[in-house]
1. What's the ranking of 51-57, 166-172, 82-88 by average number of surrounding C-beta atoms within 10 Å, highest first?
2. Highest mean first, what order results for 107-118, 184-195 on Cβ atoms within 10 Å?
3. Could you compute Rg(Cα) / (2.2 N^0.38 Å) for region 97-228, with N its residue count?
4. Once you put a point 7 Å from the Cα of V50 and another 7 Å from the Cα of N215, both along the Cβ direction, what distance in nm separates them?
5. With the cut-off at 1.5 for a/c, could you classify region 62-143 from its C-alpha gyration tensor as rounded, prolate or oblate?
6. Compute the Cα gyration tensor for region 99-149, then decide on rounded, prolate or oblate, letting a ≥ b ≥ c be the square roots of its eigenvalues: rounded whenever a/c is under 1.5, prolate when a/b is larger than b/c in the other cases, and oblate in all that remain.
Amino acid sequence: MRSLGVGLGQSSKLLIQTHKQAAVSTGVRTHAVGFGQKAAKDVKVKDTPVVDKLEWERPLQIVKYPDPRLRAVNARINCFDDSLVQLAKEMIEIMYQDDGVGLAAPQVGVNVRLMVFNPYGSEKPGNESILVNPEVVESSRIKGTGEEGCLSFPKIYGEVERPRDVVVHAQNEKGEPISLNLGGSDINQAWISRIFQHEYDHLQGVLFHDRMRPNVLESNRKQLVALEEAFISSNPGVPVKRIPPPKAAKGFGAMAKR
């Protein structure tokens, strides 16, 4: 296992640091005005089930779209012991193996509310953050658009619009409460906010292509359908949520309905 340094004991340390090179690569653009928008209520964290014991299959493997585990409800964690730290370590290791900067537990088939990330990636191990049972309690009206990829969607990229700033309540690996203000006008801090929101979406059963604009989604349709067909072929009978069909053309040239 690669050395993970001191980051495992300092979950909030990284959130006040910056990563200029990675942030510039997102091409973040912002618009609109100020805080005040409440977080989306797609999944109410307080209503999710609770687990008192963590178990998982080894070795961990990245779950690929459209595996239904990516859409499943993720349970709150109520066991702050060595098993939690070990799961986080194994998640960080596989994240680095796949050259990622963030990973949520459902992406390795463990449906609990846990995420790890390091905006420096494997270039600077020891700067990892671990967030347990995170919840977005407020988000800004200021939006930013940037290109994203996902370890569960190999070689698929697309621009996604997100709030620039979010207020987060969470716990660290010891169960201690954390309150975070992520984002800001600095492009590096906006990058950290984007990473967090991408991983938080996974805990809500939301995938990054769900947030793509129609033209961006269409540009990735072929690759998404290929992933769907590969999964269905390997897992016959397993129900999956597929990409919706393209919308019918409107305007001149479209056949009128009778």
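1. 166-172, 82-88, 51-57
2. In descending order of packing, they fall as 107-118, 184-195.
3. 1.04
4. So the label points at V50 and N215 sit 4.8 nm apart.
5. In terms of gyration-tensor shape, rounded.
6. Verdict is oblate for region 99-149.
Quick note: the coordinates plus some simple rules give every number you see, no bench work behind them. For clarity, every value in this text was computed on a predicted model and none was experimentally measured. Quick reminder, even Gly has a Cβ in these numbers, built from the backbone with ideal geometry, and neighbours come from all protein chains shown.
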